[in-house]
Amino acid sequence: MKLVVTGAGGALGREVVREALRRGIEVIGLESAENAALPAHPRLAVHICDVTNYESLLAHLEGADAVLHLAVNPAMSAHDVVVHNGNVTGSYNVLRAAAERGITRVSLASSCNVYGLTFSLRPSFLYFPVDEAHPCLAEDAYGLSKLTLEVQAQAMARRHPEMTVSALRFHMLVQEREEARRSYKRLARGARSLFGFTTFGMAMEACLRSLELRHSGYQPFNIVAPVSAMNRTSRELTDRFYPGIEIRGEFEGTASFFDSSKARRLLGC
């Protein structure tokens, strides 16, 4: 397989590239600037490419079998307009260029912020744990850009039914649970994010396994650890911050506020 990875020099991108190379995959890494953190390897070619430049992106996708879109303007990286517009243009360009090149396997880094989390004025949830069927209530620039990415993915899959398009809804990326727990030291902040996290190992595995799928059309996946970041029980936290909300399923102990069973079932992670 020849795999194009946008944002290859980012924290997750580097993990994915290294593991893909270890598995014998040929990788074309795209970065917006020189990145010395990427390993030198005979099966890795690194190119500078701004994904908002369609013609440049299209040229680098020639001959590829799959595309993994990880390039992103993070939520707090710049002005809302820059974050939103850069992400929306980049995701559309990746999807459109893949279709033009006849690439049928595309996975994109989405976010649990499509549900409306930390950056919403008043996060609102209908039930716990939140699964992929829960309404997406994003209102901030970053969450909206990821929600738009998913709408673009659905549209492209409708127009090109031969494509398999996966949107991977990651949460806060950390190396281990303790790192997430420290980030949620202020419980009120954690409550806005539903105390969720995704380890880099989990995210990397989901990225590569999603490219092995042969489902028809578009599919979203929650890629969130099966436990919350906190040591308090999830029902205790629910009673404190979201009293009266509907609970579906067992939701015992420190169970995650996000249901990632679809990813475990279809991706094995």
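Of note:
- Computed over the chain with a Gaussian network model linking Cα atoms closer than 10 Å, the most mobile of Asp80, Asp65, Asp239 is Asp239.
- In the stretch 63-205, Cα pairs under 8 Å separated by at least six residues give a relative contact order of 26 percent.
- Percent of beta bridges antiparallel (DSSP, the chain, rounded to nearest 5): 5
- Partner lysines whose Cα lies under 23 Å from the Cα of Lys146, excluding those fewer than 8 positions away in the same chain, are identified as Lys262.
- Accessible solvent surface per residue of the chain, calculated while the other protein chains remain in place, 1.4 angstrom probe, Å²: 44
- Using just its DSSP H runs of length 4 or more, each adding -39500 (n - 2.57), the chain gives a mean residue ellipticity at 222 nm of -11000 deg cm²/dmol after division by all residues.
- Most mobile of Val82, Val67, Val106 in a GNM of the chain (Cα contacts under 10 Å): Val82
- Entry note, the chain: relative contact order of 17 percent, from Cα contacts under 8 Å with a spacing of 6+ residues.
- Extended-chain gain in nm, criterion 0.36 nm per residue less alpha-carbon gap, Ser124 and Arg23: 32.2 nm
- Contact order relative to length of the stretch 204-269, as percent, for alpha carbon pairs under 8 angstrom and 6 or more apart: 47
- If you run the Gaussian network model on the chain, springs between alpha carbon atoms under 10 Å, then out of Ala225, Ala255, Ala203 the most flexible one is Ala255.
- Each Lys or Arg adds one and each Asp or Glu subtracts one; over the other residues with Cβ under 14 Å from the Cβ of Glu205, this totals +2.
- Shape call, the stretch 1-127: gyration tensor on alpha carbons, a/c limit 1.5: prolate
- Nearest 10 degrees, 0 to 90: helix 141-159 Cα axis against the chain principal axis: 60
The values are calculated or read from the model by the stated rules, or taken from the named source; none is laboratory data. Small disclaimer: the values here were computed from a predicted structure and weren't measured. Cβ coordinates were reconstructed from backbone atoms using ideal geometry, including for glycine residues, and neighbour counts include every protein chain displayed. Surface areas here come from the heavy atoms of the whole protein model, side chains and all, with no ligands, DNA or RNA. Shrake-Rupley method; radii C 1.70, N 1.55, O 1.52, S 1.80 Å.
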